[in-house]
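This report concerns only the one structure given below.
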Amino acid sequence: MKLATLKDSTRDGKLVVVSKDLTRCSEVGHIARTLQAALDDWAHVSPRLERVALGLETGSQPTMRFHEHDAASPLPRAFSWTGGAGFFDGPRDSVHVTGQTSLSSAVQAAVIVDDTEAGSKGGGIVLVMLAHSVLSDGSPIATTFSPVAVTPDEIEGWDNGNAVLPVIVGRNGKAAKTTETVDFNSVVTTAAGVRALGAGSVLAADTGAATAVAAGDVVRVEVNDRTGHSIFGAIEQTVQAG
């Protein structure tokens, strides 16, 4: 299942279920108005969302066009985020920097968890996303997530919290592909070793070193499946001065 949040006049946007090919979506306000509302009652809400997802693929569900440019981060704000501040830019929003001299770009994979007890050894993962941060002197000044968050079964080769992600990172039209093996269970174990995690907590796993960027650069991040289709949609951001 693939979920996205469309921008509207509210802080948290409106939740939609997205087709596997990222071309169509269905509004699900009658089930959960926002992704956080869905996560707060995931055990009961997720089966209903799954039925909508099935209807999207079989043609039995009313749909509308899905445009990645209309999407906010799946969670526009989160109660807990291991990578910094809990308010997030949209995946196609520009990043505005002022007076910054040492800028870099970091790509991460991230998971959203259900309520997880302190001391848990992994588990609790309900959704997976990509993340992109612009950093100044190593500290994040802006973070965004992929247009779509997906359930683990949407990721090829997912194995009990482990995934191999062929991450494509482009800068100014020049792309490089790196294959990263991510142990998400260890990320959950580390975070839960400190405290209990509430539903909707976002945890990040590094997928590579930060690379230098400058004002005017355009950074694009995505992961494709074996057929070349994007799994999460693309993060594409321009670093703008001022």
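No value in this document is a laboratory result; all are computed from the given coordinates. This structure is a prediction, so every number in the text was calculated from the model and none was measured. For neighbour counting, all protein chains shown are included, and Cβ atoms are generated from backbone atoms with ideal geometry for every residue, glycine included.
How large is the charge dipole for the chain, taken about the Cα centre, if only the Cβ atoms of Lys, Arg (+1) and Asp, Glu (-1) carry charge, to the nearest 20 debye? Walk me through the numbers before you get to the answer.
Numbers: 19 positive and 27 negative charges, 80 e Å.
About 380 debye.
Semi-axes, largest first, in whole Å: what does sqrt of 5 times each Cα gyration tensor eigenvalue give for the range 138-182?
Ellipsoid semi-axes (Å, largest first): 23, 15, 12.
When a/c reaches 1.5 or more, the comparison of a/b and b/c decides; with that in mind, is the range 46-161 rounded, prolate or oblate per its Cα gyration tensor? Walk me through the intermediate numbers first.
Details: a/c = 2.47, a/b = 1.41, b/c = 1.75.
In terms of gyration-tensor shape, oblate.
Work out the charge dipole of the chain with +1 on the Cβ of Lys and Arg and -1 on the Cβ of Asp and Glu about the Cα centre, then indicate which of Gly242, Ala196, Thr23 is farthest towards its positive end.
Gly242
What area, in nm² and to one decimal, does the C-alpha convex hull of the range 2-68 cast on average over all directions?
Values: hull surface 17.2 nm².
With the hull built on Cα positions only, its mean projection is 4.3 nm².
Restricting to DSSP H runs of at least four residues, report the calculated mean residue ellipticity at 222 nm for the chain, -39500 (n - 2.57) per run over all residues, nearest 500 deg cm²/dmol.
Details: 3 runs with 32 residues, N = 242.
Result for the chain, helices only: -4000 deg cm²/dmol.
Could I have the simple spin-label model distance between Ala176 and Ala212, label points 7 Å from Cα toward Cβ, reported in nm to one decimal?
1.3
If you add up the charges near Gly198, with Lys and Arg at +1 and Asp and Glu at -1, over every other residue whose beta carbon is less than 15 angstrom from its beta carbon, what do you get?
Charge balance in the 15 Å sphere: -3.
Between rounded, prolate and oblate, where does the range 155-241 land on the alpha carbon gyration tensor, with a ≥ b ≥ c its root eigenvalues, rounded for a/c under 1.5, else prolate if a/b exceeds b/c? Before the final figure, lay out each step's value.
Working: a/c = 2.35, a/b = 1.45, b/c = 1.63.
Verdict is oblate for the range 155-241.
Please check: in the Gaussian network model of the chain (C-alpha springs, under 10 Å), which one of Lys14, Lys174, Lys121 has the largest mean-square fluctuation.
Most flexible of the set in this elastic network: Lys174.
Based on alpha-carbon centroids, what's the gap between the range 12-82 and the range 200-225 in Å, whole number please?
Here the two parts' Cα centres lie 23 Å apart.
Just want to confirm a number: the relative contact order over the chain, from Cα pairs under 8 angstrom separated by 6+ residues, in percent. Mind showing how you got there, number by number?
On the way: 618 pairs, mean separation 54.9, N = 242.
Over the chain, the number comes to 23 percent.
What ranking, highest mean first, results for peptides 158-170, 107-119, 58-70, 142-154 when packing means the other Cβ atoms within 10 Å averaged over each residue?
Numbers: 158-170: 16.5, 107-119: 20.2, 58-70: 13.6, 142-154: 23.2.
Top of the packing list down: 142-154, 107-119, 158-170, 58-70.
Around Ala32, under 10 Å between beta carbons, what's the net of Lys plus Arg minus Asp minus Glu among the other residues? Walk me through the numbers before you get to the answer.
On the way: positive: Lys14, Arg33, Arg48; negative: Asp40, Asp41.
Taking every other residue near Ala32 into account, the sum is +1.
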